[in-house]
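Structure first, then comments.
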Amino acid sequence: MTGLAAAARPGTGSGARLDVDLAAIAHNTRLLTGRATGELMAVVKADGFGHGAADVARTALANGATWLGVTSLEEAFALRATGLDAPLLSWLNPVDADFARAVREGVDVAVPSLAHLAAVTSAGRRARVHLHVDAGMARDGAAPDTWAQLCRSARRAEQRGEVEVVGVMGHLGCADDPADDCNALARTRFAWALETARAAGLRPAHRHLAATSATLTDPRSHHTMSRVGAGLVGIDPSQTTRLRPAMTLTAPVVQVRRVRAGTPVGYGHAYRTPAATHLGLVPLGYADGLPRITAGRAEVLVRGRRRPVVGRISMDQAVVDLGERAVDLGETVTVFGPGDAGEPTVAEWAAWAGTIEHEIVTGIGARVSRTVRRPTHLRSLS
Ligand SMILES: *Cc1c(COP(=O)(O)O)cnc(C)c1O
């Protein structure tokens with residue numbers, strides 16, 4: 001493998017910092033590789049769920065993953081530009097995407113419709129495609145009543161030497177709840193889709209349905225490959241398995257003041273201090289990924305103690321009630337981390353915001369500076 005992508009991104013000088021722990025991602029990848037009965041595709045869409053696509057990709061490949069997956073071709077080309085040459089699939093593209101370049105750069109593409117098949121076949125020589133079936137969530141992939149036709153057309157294109165159908169893919173809509181009947185229906189739909197492809201003369205070597213939850217809970221859905229994203233970065237939507245979170249978000253206290261009881265704080269005076277206290281200002285706001293809706297619930301860790309975020313969260317800043325004891329300017333506030341030192345976790349922030357962990361980790365803004373900690377076996381690559 002060639003050089004690593006930049007390990008640090010500078011941010012805009014607010015002092016807010018996101019640390020990404022690649023050792024956690026390495027650990028999670030090994031755990032998931034052990035659970036998957038087939039190959040493991042590391043899904044690094046949305047900048048590796050906010051953790052840095054190239055860093056997550058390299059770490060996953062060094063720990064058992066054999067494929068990379070992203071949504072758009074632009075994401076795929078960006079990975080290729082960092083020197084990553086592993087098998088790579090892109091599954092969500094407009095029909096006018098640059099499929100010719102995908103062929104040139106050795107990027108496999110998902111084909112969810114006849115229109116996409118036509119675009120891919122006209123793009124040039126023998127694109128490698130994965131036919132994409134909707135396994136029951138009416139989202140991406142071919143609707144069931146279009147599948148047989150798509151398979152027959154793809155087979156004819158294959159016979160003309162225009163494409164090579166190397167895969168069939170689907171996605172599960174309810175895998176977070178393994179007890180949901182929807183999973184059995186989706187497995188049946190996918191089995192039917194494979195049978196239909198086979199009947200059309202296709203022989204796809206890669207058949208993939210499971211993402212993180214089903215990889216951890218349902219081997220019947222594994223087929224030849226699992227596509228996992230959330231699990232790599234420590235999120236288990238099925239809540240069955242302990243994975244390691246990989247992000248720590250911190251910021252320095254940039255201002256401290258002593259206030260009297262009854263002091264209104266922030267926009268709209270939405271909060272009034274119940275007693276005399278110290279307020280600390282943190283340079284992180286909703287533009288940096290702190291959901292505004294968490295006001296009144298969110299906490300941070302300061303000097304080993306949980307302290308509440310008070311008043312409305314602004315675009316750039318938030319106020320923490322430090323209590324009796326002031327802290328020094330520049331002291332570190334931990335917004336979230338793995339939880340080992342008592343700091344809030346991404347899961348807690350997600351609960352305070354009424355959302356899922358994915359939305360928190362993918363929402364950290366570009367102003368936050370980023371540093372990456374590498375496990376020893378990856379250091380030689382930097
Ligand atoms: C995001 C995505 C995945 C990865 O799902 P996780 O639950 O994050 O592992 C797999 N397949 C498709 C089609 C996706 O969009």
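The values are calculated or read from the model by the stated rules, or taken from the named source; none is laboratory data. Just so you know, these numbers come straight off a predicted model, no measurement behind them. Don't worry about glycine lacking a Cβ; one is built from the backbone with ideal geometry, like all the others, and counts go over all protein chains shown. These area figures cover heavy atoms from the full protein model, side chains too; ligands, DNA and RNA do not enter into them. Shrake-Rupley method; radii C 1.70, N 1.55, O 1.52, S 1.80 Å.
Considering Glu357, Glu348, Glu343, Glu331, which residue is within 16 Å of the ligand (Cβ to nearest atom) and at pLDDT 95 or above?
Answer to the selection: Glu357.
The conditions are (1) open to solvent by less than 60 Å² (accessible area, probe 1.4 Å); (2) free of Cβ contacts under 8 Å to residues at least 24 places away in the same chain, and Thr188 fails exactly one of them. Which is it?
Unmet for Thr188, out of (1) open to solvent by less than 60 Å² (accessible area, probe 1.4 Å); (2) free of Cβ contacts under 8 Å to residues at least 24 places away in the same chain: (1).
Out of all the residues in the range 160-170, which are more than 14 Å from His208 (Cβ to Cβ) and assigned to a loop (DSSP other than H, G, I, E, B)?
Matches in the range 160-170: Arg160, Gly161, Glu162.
Are any residues in the range 89-111 aliphatic (A, V, I, L, M), more than 12 Å from Gly167 (Cα to Cα) and within 16 Å of the ligand (Cβ to nearest atom), and if so, which ones?
Selection gives Leu92, Val107.
Do we have Arg325 as within 22 Å of Lys45 (Cα to Cα) and open to solvent by 10 Å² or more (accessible area, probe 1.4 Å) here?
The answer is no for Arg325.
How about the range 339-369: which of its residues are open to solvent by 20 Å² or more (accessible area, probe 1.4 Å), touching a strand residue (DSSP E or B) at 6+ places or on another chain (Cβ under 7 Å) and within 21 Å of Arg9 (Cβ to Cβ)?
Ser369
When you go through Gly201, Gly141, Gly229, Gly136 one by one, which is the residue that is touching a Lys or Arg at 6+ places or on another chain (Cβ under 7 Å), open to solvent by less than 30 Å² (accessible area, probe 1.4 Å) and at positive phi?
Among Gly201, Gly141, Gly229, Gly136, only Gly201 is touching a Lys or Arg at 6+ places or on another chain (Cβ under 7 Å), open to solvent by less than 30 Å² (accessible area, probe 1.4 Å) and at positive phi.
Filter the range 176-185 down to residues that are away from the ligand (no atom under 16 Å from the Cβ) and open to solvent by 60 Å² or more (accessible area, probe 1.4 Å) and give me whichever is nearest to Leu232 (Cα to Cα).
The qualifying residue nearest to Leu232 (Cα to Cα) is Ala179.
Quick one: which residue in Gly161, Gly173 is more than 16 Å from the ligand (Cβ to nearest atom) and either polar (S, T, N, Q) or surrounded by fewer than 21 Cβ atoms within 10 Å (Cβ to Cβ) (or both)?
Criteria check complete, one pass: Gly161.
Take the conditions open to solvent by 30 Å² or more (accessible area, probe 1.4 Å), closer than 22 Å to Arg367 by Cβ and of a type in the set (Asp, Glu) and apply them to Asp98. Does it pass?
Judged against the criteria, Asp98 is not a match.
Taking Leu290 as the residue in question, decide whether it is away from the ligand (no atom under 16 Å from the Cβ), part of a strand (DSSP E or B), open to solvent by less than 50 Å² (accessible area, probe 1.4 Å) and in contact (Cβ under 8 Å) with a residue 40 or more places away in the chain.
When the stated conditions are applied, Leu290 does not pass them.
How about the range 238-256: which of its residues are open to solvent by 30 Å² or more (accessible area, probe 1.4 Å) and either within 16 Å of the ligand (Cβ to nearest atom) or over 22 Å from Val333 (Cβ atoms) (or both)?
Gln239, Thr240, Arg242, Arg244, Pro245
Just to verify a result, which residue in the range 204-226, among those that are aliphatic (A, V, I, L, M) and near the ligand (Cβ under 10 Å from one of its atoms), is surrounded by the fewest Cβ atoms within 10 Å (Cβ to Cβ)?
By that ranking, first place goes to Ala211.
Which is assigned by TED's automatic domain parsing to the domain that holds Ala205, of a type in the set (A, V, I, L, M, F, W, C) and touching a residue at least 12 places away in the same chain (Cβ under 8 Å), of Ala138, Ala102, Ala143, Ala81?
Only one candidate passes the filter, namely Ala102.
Checking Val133 against (1) free of Cβ contacts under 8 Å to residues at least 60 places away in the same chain; (2) closer than 16 Å to Pro204 by Cα, only one condition comes out false. Which one?
(1)
Can you work out which of the residues in the range 75-88 that are within 16 Å of the ligand (Cβ to nearest atom) and not in a strand (DSSP E or B) is surrounded by the fewest Cβ atoms within 10 Å (Cβ to Cβ)?
Pro87
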